[in-house]
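The values are calculated or read from the model by the stated rules, or taken from the named source; none is laboratory data. None of the values given here were measured: they were computed from a predicted structure. No Cβ is skipped: glycine too gets one built from the backbone with ideal geometry, and neighbour counts run over all protein chains shown. For accessibility, only protein heavy atoms count, side chains too; no ligands or nucleic acids. Shrake-Rupley method; radii C 1.70, N 1.55, O 1.52, S 1.80 Å.
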Amino acid sequence: MIDYENEILTAIQDGLESAGLSKVDMFDELILAPSKFPCVCVEEIDNYTDTSTVDSGSNENHAIVAYEINVYSNSTRDKRRECKDIFAVVSDVLTHKGFMRLSANPINFNSATAYRLTGRFRAVISKEGQIYSNRR
């Protein structure tokens, strides 16, 4: 299995810190009821072999991966804007690495106290760690 999840998570964490968002808690799995805000959940939701690039020795050369991003805020000033700002940083990190954003949608979480923005990203990753939004 081709697995570069730790490198991707590290890049996102570094991107958040570079953007001055070090106060944002980050998790590598979905948290349905965060205990601290703001937070971002980055979860690899799919990882499967790109069968068109398997070689004659049955070696996996590329994997198709998908990540789901969930950003939560309960800001009393503008929770929607805070989510969008955090999501924009994560989106920039992933798209600059070669991911394609497939969606970005608000999710009815608890509109009275918190806001949630969810997005999905997809890429093809080679066994050497090269990331492509589409196959070469």
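Summary of computed values
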{"quantity": "Degrees between helix 79-97 axis and first principal axis of the chain (Cα, 0 to 90, nearest 10)", "calculated": "20 degrees"}
{"quantity": "Degrees between helix 5-18 axis and first principal axis of the chain (Cα, 0 to 90, nearest 10)", "calculated": "40 degrees"}
{"quantity": "Over the chain: helical MRE at 222 nm, DSSP H runs n ≥ 4 each giving -39500 (n - 2.57), nearest 500", "calculated": "-8000 deg cm²/dmol"}
{"quantity": "Highest-fluctuation residue, Asp85, Asp55, Asp28 considered, GNM on the chain with Cα pairs under 10 Å", "calculated": "Asp55"}
{"quantity": "Solution diffusion estimate, µm²/s, Stokes-Einstein, region 60-123, Kirkwood Rh from C-alpha pairs, 20 °C, viscosity 1.002 mPa s", "calculated": "172 µm²/s"}
{"quantity": "For the chain, built as a Gaussian network whose Cα springs stay under 10 Å, the top-fluctuating residue of Lys79, Lys36, Lys97", "calculated": "Lys36"}
{"quantity": "Euclidean distance of C-alpha centroids, region 1-26 and region 64-89, integer Å", "calculated": "14 Å"}
{"quantity": "Given [x] 16.3, 51; [y] 16.0, 58; [z] 14.4, 44, the label whose value is Rg and Dmax of the Cα atoms in Å derived from this model", "calculated": "[y]"}
{"quantity": "Percent of beta bridges antiparallel (DSSP, region 1-109, rounded to nearest 5)", "calculated": "75 percent"}
{"quantity": "Å² per residue, accessible surface of region 1-103 at 1.4 Å", "calculated": "53 Å²"}
{"quantity": "Rounded FRET efficiency, nearest 0.05, which uses the C-beta distance separating Glu17 from Met100 and R0 of 25 Å", "calculated": "0.55"}
{"quantity": "The chain, accessible surface, carbon-and-sulfur percent (1.4 angstrom probe)", "calculated": "44 percent"}
{"quantity": "Choice from Ile125, Ile69, Ile107 showing the highest fluctuation, given a GNM over the chain with Cα pairs closer than 10 Å", "calculated": "Ile107"}
{"quantity": "Mean Cα-pair separation over length for the chain, i.e. relative contact order, pairs under 8 Å, 6 or more apart, %", "calculated": "23 percent"}
